[in-house]
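The values are calculated or read from the model by the stated rules, or taken from the named source; none is laboratory data. On a predicted model such as this, the values are computed, not experimentally measured, just so you know. Here the Cβ positions follow ideal geometry from the backbone for every residue, glycine too, while neighbour counts run over all protein chains shown. We work out accessible area using only protein heavy atoms, side chains counted, and drop any ligands, DNA or RNA first. Shrake-Rupley method; radii C 1.70, N 1.55, O 1.52, S 1.80 Å.
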Amino acid sequence: MAIIDVIEYPNERSGELVHRIPENGSGDFALGSQLIVRESQQAVFYRDGKALDTFGPGRHTLETKNIPLLGGLINLPFGGRTPFTAEVYFVSMRDFTDLKWGSAQPLVYRDTELGMVRLRAFGTYSLRVRDPQLFVNQYVGQQGSVTTGSSEDFFRGLILSEFNDLLG
C-alpha cells in the first residue's frame with residue numbers, strides 16, 4: 001500500500017466520454033493523494049455516494065479522512081476494508097464530431113395534400129459534455145466507462161424524438 005496515491009487517466013480511448021477510477025468498486029485513496037487531470041478532462045470526485053467536487057486541469061491534492069498510517073487500525077472493525085472509500089470519474093471535455101443518427105423504420109405522417117407519407121431521416125451530430133457532474137449523476141451512474149458507441153441508442157432516440165416532435 002502506497003502512502004500517497006497518484007490518480008490519473010492519461011490514456012483516454014477514442015470515443016470515450018467517461019472513465020471511472022477504479023472501474024469496479026470503490027478506491028482506497030489516502031490523505032494527500034495526487035489527482036492529475038489533463039487539459040481535455042474534468043474529474044468528478046465521489047465519496048460516500050455523493051459528488052463532492054469537480055476538478056479542472058492540473059494537479060490537485062485530495063484530502064480525505066483516510067489516514068494511511070492508521071489505516072490498518074481503522075480498517076479492523078470493517079473486516080480489513082476501509083470505511084473511507086471514493087471514486088473519481090474522468091470526463092472528457094472535448095468535442096465528439098461526426099456521430100451518425102438515423103431512423104431505423106420510416107416515420108409515417110399524414111399530409112393534407114399527399115395523404116400518408118413515409119419519411120426516413122438521418123444525419124450527423126456533435127457532442128460535448130457541458131456539466132460533468134450532472135452528466136455523471138444523470139446518465140453515467142455507476143458504469144466504469146462510457147463511450148460514444150455505447151451511448152448511440154440513447155442519443156439516437158433523443159434526436160429522433162425531437163425530430164418527430166418538430167414534424168408533428
* **Count of residues meeting criterion [open to solvent by 40 Å² or more (accessible area, probe 1.4 Å) and either at pLDDT 85 or above or in contact with a Phe, Trp or Tyr (Cβ under 7 Å, 6 or more places away or on another chain) (or both)] in the range 56-92** => 5
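Are there strands (runs of 3 or more DSSP E) fully within the range 9-51 with at least 2 residues that are among the aliphatic types (A, V, I, L, M) and open to solvent by 30 Å² or more (accessible area, probe 1.4 Å)? List them.
Numbers: elements: 16-21, 34-37, 41-47.
In the range 9-51, no matching strands (runs of 3 or more DSSP E) lie anywhere.
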* To do: Would you mind finding the one in F122, F135 that is surrounded by 15 or more Cβ atoms within 10 Å (Cβ to Cβ) and at pLDDT 85 or above?
  => F135
* Structure fact -> Pairs returned, first residue in the range 30-53 that is under 21 Å from E12 (Cα atoms), second residue that is of a type in the set (S, T, N, Q) and buried (at least 20 other Cβ atoms within 10 Å of the Cβ), beta-carbon separation under 7 angstrom, 6 or more apart or interchain, are S40/S92; Q41/S92
* **Selection within the range 152-168 - modelled with pLDDT of 85 or more and open to solvent by less than 60 Å² (accessible area, probe 1.4 Å)** => F155, G157, I159, L160, S161
